[in-house]
Amino acid sequence: MLSHRILFSEAAIAARVKALAEAIRRDAPHTAPVLVGLLTGSFVFIADLVRAGHRLGLEPLVDFIAVSHYTHDCQPAGTALIYKDVALDLRGRAVVLLDDILDSGISLRAARDHLMGHDPSWLRTCVLLDKPARRVVDLHADYVGFEVPDVWVIGYGLDAGGAGRALPYIAALDEPPPGRKPTT
Ligand code: IMP
Ligand code: MG
């Protein structure tokens with residue numbers, strides 16, 4: 001396993017996920033919003049968020065979208081590509097778009113703009129982690145779990161070149177990964 005140091009323990013993450021579920025429960029116009037996760041990194045976060053929400057009376061629908069701002073041969077594409085769309089009909093629905101980490105903001109902005117085209121009645125963005133130092137587009141998530149410095153983080157769904165997703169906590173790599181991997 002890559003050398004790392006823990007930033008957020010399982011207990012700390014669980015407490016923040018519960019607080020995010022409470023905020024969504026409070027703000028969403030009804031108890032069945034559609035939670036749309038950005039693949040792949042959000043899958044652990046969304047799994048815990050739906051169960052934290054259930055304990056608060058939320059019965060969300062779940063769908064996923066995949067965006068990359070890299071092409072399949074790992075060249076920067078310049079613009080973000082939507083390569084998997086939602087299956088659900090979002091017209092008139094309340095939607096929360098979720099990602100593991102907000103970095104440059106290119107992926108989340110592209111996904112948000114794309115979902116707006118599906119005509120939801122209400123749309124909010126929620127990220128577990130926010131790395132504002134790397135932002136290149138003017139974007140703020142509506143709900144943020146934790147702010148992180150400009151370090152490469154792994155665990156709780158986040159990876160470095162495919163490794164580290166299964167760690168139950170969130171950790172910073174001691175050595176940054178070589179180059180920036182294609183991110184999804
Ligand atoms: P953005 O479009 O640059 O904001 O990219 C966001 C995506 O990059 C996230 O969904 C993650 O998949 C990935 N990413 C950004 N920073 C990290 C990190 O520190 N660790 C793991 N993945 C990251
Ligand atoms: Mg991602």
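The values are calculated or read from the model by the stated rules, or taken from the named source; none is laboratory data. Here the structure is a predicted model, which is why all the values come from computation and not from measurement. Quick reminder, even Gly has a Cβ in these numbers, built from the backbone with ideal geometry, and neighbours come from all protein chains shown.
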So, in region 164-179, exactly how many residues are farther than 18 Å from residue 149 by Cβ and surrounded by fewer than 13 Cβ atoms within 10 Å (Cβ to Cβ)? 4
If residue 69 meets every condition in (1) modelled with pLDDT of 95 or more; (2) more than 22 Å from residue 10 (Cα to Cα) apart from one, which number is that one? (1)
In region 100-151, the residues that are within 13 Å of ligand 2 (Cβ to nearest atom), assigned to a loop (DSSP other than H, G, I, E, B) and not basic (Lys, Arg): 103, 104, 105
Taking region 10-58 and keeping residues more than 16 Å from ligand 1 (Cβ to nearest atom), out of contact with any Pro (no Cβ under 9 Å at 6 or more places or on another chain) and outside any helix (DSSP H, G or I) leaves 29, 30, 55, 56, 57
If the Cβ limit is 6 Å and pairs must be 6+ apart or interchain, which residue in region 144-161 that is of a type in the set (Ser, Thr, Tyr) pairs with which residue that is modelled with pLDDT of 95 or more? 156/44; 156/170
Taking the options 39, 108, 115, 61, name whichever one is surrounded by 13 or more Cβ atoms within 10 Å (Cβ to Cβ), farther than 26 Å from residue 161 by Cα, touching a residue at least 40 places away in the same chain (Cβ under 8 Å) and out of contact with any helix residue (DSSP H, G or I) (no Cβ under 8 Å at 6 or more places or on another chain). 115
